[in-house]
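Here is the structure we will look at.
The values are calculated or read from the model by the stated rules, or taken from the named source; none is laboratory data. No experiment lies behind these values; they were computed from the predicted model shown. A quick note on method: Cβ atoms are made from the backbone with ideal geometry, for glycine too, and the neighbour counts reach across all protein chains shown.
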Amino acid sequence: MSFADPALLAVGLLVAAGLAWAAVAVTRRRAAALASAGVATASPGPGPGRGRDRARMGGVWFTIAGVGVLAIAVAGPAASVPVSHASGTVILAMDVSGSMAATDVAPSRLGAAKQAALSFINAQPGTVDSGVVAFQQGGLEAALPTADRAATSAAVRRLTAGGGTSLGDAILASLSAITHKTVTIGRDGSAPNIGYWPSATIVLFSDGQDEAGAASGGTGTGVAASVAEKAGVHVDTVGVGTTGGTTVEVDGYHLFTALNEAALKSISQATGGTYHPASDASELNGIASSINLRLTVTKEPLPLAGAFIALALALLAAGAVLTVTRTGRVV
């Protein structure tokens, strides 16, 4: 048991101890006075007077006990108890490559992705922690999974477009955020064993362009998807852009870019996820319902002040009843 204000507990218990000392002292003084007057020896056996004395002292001790328990209550007692929670983790992997500056969707691909991501974050239940990974060439972890919706939303709003994209590295960076350790592919191409994380889901917002993929030294999407699949992590992909495409200026060059739905569908299918067009926010909101939430046990404080106050009131009431019924006086 812990106390929010131990100082109040100490003061209250000192008051109760002082009252107990005073009660004992008064009882002894009264007994000595009666003995000196010869009253105590006059009726050594049981009788009305002896019964009234016991009732009166019983009321006093009940009252003192009530004061002591009330001292514990005002100190803010709390017990640490195990509480079970069903929880999950969602990582929003946001493509911020140069092609995401294209305006074939309003206000831009990245702008549309951010709007869909913010809508998704706000739709999540309190049992799901959300994190953000922004990826260009490699992965840049922007925000670890948290239940703080405001922090996750702020991380999404800060994103700007620029650089290349490696979808495979984006998946590995998201897995790193989930496991809280760096996930990489071995030099020989071997996939790491990162354990089993069925309570985690990656939602990848991208136009499917893989300019910095395996051909440019990045991680191939097939290898990265295999790591996620073995770990039980579904990757839901969100296509941002149009298949008709448009041109975008990147580093002074005008490049044609179009939504590559095939690449995104391949990733989602390989991991047991689903492909969603960014325009359909209602489909995104249903992703959380497919997450296999895990059962975790955490220690949480259980306030006990109410119980102690109830006990103190019961003791004080008992003391008052004994005093009134046996002596005819309130104190």
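Table for the structure above
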{"item": "Residue satisfying condition, being under 30 Å from Thr247 (Cβ atoms) and either of a type outside the set (Lys, Arg) or assigned to a loop (DSSP other than H, G, I, E, B) (or both), within set Ser153, Ser174, Ser190, Ser130", "result": "Ser174"}
{"item": "Test result for Gly162, in a loop (DSSP other than H, G, I, E, B), modelled with pLDDT under 90 and surrounded by fewer than 24 Cβ atoms within 10 Å (Cβ to Cβ)", "result": "yes"}
{"item": "Residue within segment 87-95 that is modelled with pLDDT under 85, in the same structural domain as Thr219 (by TED's automatic domain parsing) and in a helix (DSSP H, G or I) present", "result": "no"}
{"item": "Within segment 225-242, considering residues that are surrounded by fewer than 20 Cβ atoms within 10 Å (Cβ to Cβ) and at pLDDT 90 or above, the one farthest from the chain's Cα centre (by Cα)", "result": "Ser226"}
